[in-house]
Amino acid sequence: MINKINDSSLDVVGIGNAIVDVLTTTDDSTLEELSFEKGSMTLIDENKAKELYEKATNTIQRSGGSAANSLACVAQLGGKAAFIGRVRNDKLGEIFTEEISRTGTIFKTPPSSAGPSTARCLIFVTPDAQRTMCTYLGASVLLEPKDLDLSAVREAKILYLEGYLWDNPAAKNAFIKAAEIAKNAGRKVALSLSDSFCVSRHRESFVELVENYIDILFANEDEITSLYKTSNLTLAIEKLKKKCELAAITVGKYGSILISNSKETTVDPFIFGDAIDTTGAGDLYAGGFLKGLADGLDPLMSAKIGSICAGQIVTQLGSRSNTNLLNLINSHLEF
């Protein structure tokens, strides 16, 4: 059964892995003991997820996943956002559903009653603000084309997709079907490349996806250079200009690079304090950017909104802002 979102005024509908983020602070020596590369995302099985979950202390648990974080940002900025993703009918599934709903994001995908448990991501945050993620995808990969709310996909101004879905064939099929529906309805389709390791696993199909379906692309420096098999960011951007009409490449503390109609613009970062956790920075950048576009703002102003959201979120632990982002944006930008 699919619950319909009967609202023709959606700004953004997103499809992604429904994951409970479990954040904990740690040090480099612990990561070395666990044999995890700092700053990476490692896929783990359910037994490893349970082991790490039991070891984690002083945790913060939030609904997560790249697209879900971006949509929560859209909703917190006053936008109409809906998320499509799969959880299990278990404790973590309840946590995900309750927490994302509190942000104002519509989430009505029915939970699965059998199979793997709800996905979770153990996020180890080190003192240098780097986050190392260990992800158990669980129920999230059970998403199939039949789970799509087709009315929401057709009616939302922007369809937002996360690259992590590419790791599972069934979810990948849902991804492609949604993109086709959105394009046929005259909507914009946005994609986050999600992770450089994910890009390297699916490079050829990602290149094809960008060329054939994507209007708006989000990536960081590692992801875009991986996509085009080069260590040279300038060269990767030149290749991207020929394939995508609008893109934003985040470059950490240096801000972002906006590509619009083959023109390249550097967007300075907004700094609101010391960075203590980069979890969700790219996600909130995308959320702010998409909200700006949905409101009819130009790409440069939208990029600045994204920069403000990202600049604030790195000053705290977790991907849900403790500060009113809308007030922050209005105090720093003139519309």
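The values are calculated or read from the model by the stated rules, or taken from the named source; none is laboratory data. Treat the numbers as computed from the prediction; the structure is a model and nothing was measured. Glycine also receives a Cβ, built like all others from the backbone with ideal geometry; neighbour counts cover every protein chain displayed.
Filtered by the rule that a residue be surrounded by fewer than 17 Cβ atoms within 10 Å (Cβ to Cβ) and touching a residue at least 40 places away in the same chain (Cβ under 8 Å), region 158-202 gives a lone residue, PHE197. Consider region 268-295 and keep the residues that are in contact with a strand residue (DSSP E or B) (Cβ under 8 Å, 6 or more places away or on another chain) and over 22 Å from GLN130 (Cα atoms). The one that is surrounded by the most Cβ atoms within 10 Å (Cβ to Cβ) is PHE289. Counting only helices (runs of 4 or more DSSP H) that sit completely within region 116-201, those holding 1 or more residues that are touching a Pro at 6+ places or on another chain (Cβ under 7 Å) correspond to 169-184.
Taken over region 48-88, the criterion of being crowded, with 17+ Cβ neighbours inside 10 Å and free of Cβ contacts under 8 Å to residues at least 24 places away in the same chain is satisfied by no residue.
For region 195-208, the criterion of a residue being at pLDDT 90 or above, out of contact with any His (no Cβ under 9 Å at 6 or more places or on another chain), within 18 Å of ALA67 (Cα to Cα) and small (Gly, Ala, Ser) is satisfied by no position. Considering only residues in region 207-222 that are in contact (Cβ under 8 Å) with a residue 40 or more places away in the chain and crowded, with 23+ Cβ neighbours inside 10 Å, the one that is nearest to LYS242 (Cα to Cα) turns out to be ILE216.
Residues in region 296-335 that are among the charged types (D, E, K, R) and either surrounded by fewer than 17 Cβ atoms within 10 Å (Cβ to Cβ) or at positive phi (or both): how many? Full working, then the answer.
The initial filter retains those residues of region 296-335 that are among the charged types (D, E, K, R), namely 298, 304, 320, 334.
Keeping just the survivors that are either surrounded by fewer than 17 Cβ atoms within 10 Å (Cβ to Cβ) or at positive phi (or both) gives 298, 334.
The qualifying residues number 2.
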